[in-house]
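Accompanying notes for the structure given below.
The values are calculated or read from the model by the stated rules, or taken from the named source; none is laboratory data. On a predicted model such as this, the values are computed, not experimentally measured, just so you know. All Cβ positions, glycine included, derive from the backbone under ideal geometry; neighbour counts span all protein chains shown.
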Ligand SMILES: NC(=O)c1ccc[n+]([C@@H]2O[C@H](COP(=O)([O-])OP(=O)(O)OC[C@H]3O[C@@H](n4cnc5c(N)ncnc54)[C@H](OP(=O)(O)O)[C@@H]3O)[C@@H](O)[C@H]2O)c1
């Protein structure tokens, strides 16, 4: 008799991520795929932990560059144990701890495995979608390793050309990409000024290596947040060399003011304006695009778009060195993912809500198999 488990199903796209959590997400019974049905290159993985991603939330509201068609199982990435392998599999062996690669399989991939995310007791993936978990990482730490740290690598190093001795201002530093960026920037020998709205969360960011943390005030009557003077005071008055911005909206303009002449501004994401894609940026929607061209022009600033997935699709050769570096750093203990929240599988809605409300520091994971 095949074993039974559970999987999350997104039945249709909701109007917003917040609505999706309560209206289109359900936990349904699942039967273990049969090992004898695996294709020669496929692997059956028992999922132990699944990362709860911001992009999972965006997709549930139909807002991402590409998405699985509902009904689908969310979960861009996860970690687990190999249960069975197809006849020609060589990369992984039964019993091995593996993490899944969201570029190759799952909702953010482009091929045949798109509808099968990691919010499930088991996943079947082609062998190239699996990597051995670096020995220093727990299943929970490994579950979201690649998207966070590959984003930080792509934005800071490939696009931002961050060098030792430079100063980088990292916004949203308590978030998944932000906290990874703090660690990657420190590893590169840069000085880090990290920002966020919560002093409690920023203490964890400081513990991850940030040289300075700045709690940002609420937006003023013009809709702007002010921090230029504090940032400049922390870097000798000149301004920062690089801005890493996964937040956008009300902090964009002030970030340009806090930069030195000819600095690099990295457009990483829009955590502050999450409901503007796919035609939702109409009247009344928050403005995600607030970079003033006068400051860009007069300060000779390089504004660099940093879409990790799209850039990798356009230039697949960019990925192997990045992937190799992230896995090696994790093996060496040079980077260490911070997981602030763990949820039982039955608490999937609470997990998504915690991510949506910004309660998470670094990563939140679902303990899909709480016994491992
Ligand atoms: N470029 C890429 O390839 C790439 C890859 C992955 C993700 N992203 C994008 O990067 C952004 C962040 O992703 P993430 O996974 O790091 O998200 P996350 O874990 O939720 O972190 C976002 C952080 O932004 C801060 N923040 C500041 N103002 C905010 C606001 N008004 N609303 C919500 N958060 C606010 C929050 O910290 P405080 O509460 O401390 O302020 C939060 O920790 C998203 O837009 C995502 O789509 C881009």
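Brief remarks on what is shown
- Qualifying residue in the range 293-309 (condition: more than 21 Å from residue 170 (Cα to Cα), modelled with pLDDT under 95 and either surrounded by 12 or more Cβ atoms within 10 Å (Cβ to Cβ) or within 12 Å of the ligand (Cβ to nearest atom) (or both)): no
- When residues of the range 211-221 are limited to those that are within 12 Å of the ligand (Cβ to nearest atom) and under 18 Å from residue 234 (Cα atoms), the one farthest from the chain's Cα centre (by Cα): 217
- Subset of the range 124-153 [out of contact with any helix residue (DSSP H, G or I) (no Cβ under 9 Å at 6 or more places or on another chain) and part of a strand (DSSP E or B)]: 125, 126, 130
- Filtering 98, 104, 92 for residues that are surrounded by 22 or more Cβ atoms within 10 Å (Cβ to Cβ) and over 18 Å from residue 7 (Cα atoms) leaves a single hit, 98.
- Subset of the range 233-267 [part of a helix (DSSP H, G or I) and away from the ligand (no atom under 16 Å from the Cβ)]: 233, 234, 256, 257
- Condition check for residue 79: touching a helix residue (DSSP H, G or I) at 6+ places or on another chain (Cβ under 9 Å), within 21 Å of residue 361 (Cβ to Cβ), outside the structural domain of residue 194 (by TED's automatic domain parsing) and more than 16 Å from the ligand (Cβ to nearest atom): yes
- If the condition is being more than 25 Å from residue 314 (Cα to Cα), within 11 Å of the ligand (Cβ to nearest atom) and assigned to a helix (DSSP H, G or I), then the range 154-202 contributes 179, 199, 200, 201, 202.
- Within the range 329-363, the set of residues being surrounded by fewer than 20 Cβ atoms within 10 Å (Cβ to Cβ), in a helix (DSSP H, G or I), more than 13 Å from the ligand (Cβ to nearest atom) and under 19 Å from the mean Cα position of the chain (by Cα) comprises 329, 349, 350.
- A single entry from 282, 269, 358, 362 fulfils the requirement of being at pLDDT below 95 and outside the structural domain of residue 225 (by TED's automatic domain parsing): 358.
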